[in-house]
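One structure below.
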Amino acid sequence: MKTSTTVKLSSALRKRITPLARAARMTSHAWMVQALVEQVGLAEAHASFVRDAQESSEEVRRTGVAFDANEVFEYLARRVQGHKARRPQARRLR
């Protein structure tokens with residue numbers, strides 16, 4: 001179900017949006033809706049990233065076990081280059 005809302009834009013912002021919408025072959029309204037959809041997706045992805053990071057941090061505090069970042073990056077770099085690589089091992093923090 002669609003609902004309507006009112007957004008008050010400065011004339012300066014409206015003037016910036018108009019050519020962008022035209023270049024995208026969209027109405028200003030459609031362009032703004034698309035921009036909002038994209039921003040909501042980015043905000044949700046960021047919130048999910050932060051939530052995952054907080055959960056991971058809590059797990060490390062709780063277990064005292066983590067991976068060495070340099071070993072992980074080296075492993076990933078070798079894999080991306082198509083080389084075999086030994087998986088990094090989790091280790092107890094000191």
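Is at least one residue of the stretch 63-70 in contact with a helix residue (DSSP H, G or I) (Cβ under 6 Å, 6 or more places away or on another chain) and in contact (Cβ under 8 Å) with a residue 24 or more places away in the chain?
Yes, because at least one residue in the stretch 63-70 is in contact with a helix residue (DSSP H, G or I) (Cβ under 6 Å, 6 or more places away or on another chain) and in contact (Cβ under 8 Å) with a residue 24 or more places away in the chain.
Please state which of the following conditions T6 fails to meet, knowing it meets all the rest: (1) loosely packed, with under 10 Cβ neighbours inside 10 Å; (2) in contact with a strand residue (DSSP E or B) (Cβ under 9 Å, 6 or more places away or on another chain); (3) of a type outside the set (D, E, K, R).
The single condition T6 does not satisfy is (2).
Among the residues of the stretch 71-89, is there at least one that is loosely packed, with under 11 Cβ neighbours inside 10 Å, in a helix (DSSP H, G or I) and acidic (D, E)?
For the stretch 71-89, residues loosely packed, with under 11 Cβ neighbours inside 10 Å, in a helix (DSSP H, G or I) and acidic (D, E): absent.
Filter the stretch 9-34 for residues that are of a type in the set (G, A, S) and part of a loop (DSSP other than H, G, I, E, B); which is surrounded by the most Cβ atoms within 10 Å (Cβ to Cβ)?
So the residue we want is A24.
For the stretch 47-71, how many residues are within 21 Å of the chain's Cα centre (by Cα) and hydrophobic (A, V, I, L, M, F, W, C)?
Looking only at that region, the number is 5.
Of the residues A43, A85, only one is small (G, A, S) and under 26 Å from the mean Cα position of the chain (by Cα); which?
None of the others qualify; the one that does is A43.
Bear in mind that the values in this text are calculations on the coordinates, not laboratory data. Note that the structure is predicted; figures quoted are calculated from it, not measured. A quick note on method: Cβ atoms are made from the backbone with ideal geometry, for glycine too, and the neighbour counts reach across all protein chains shown.
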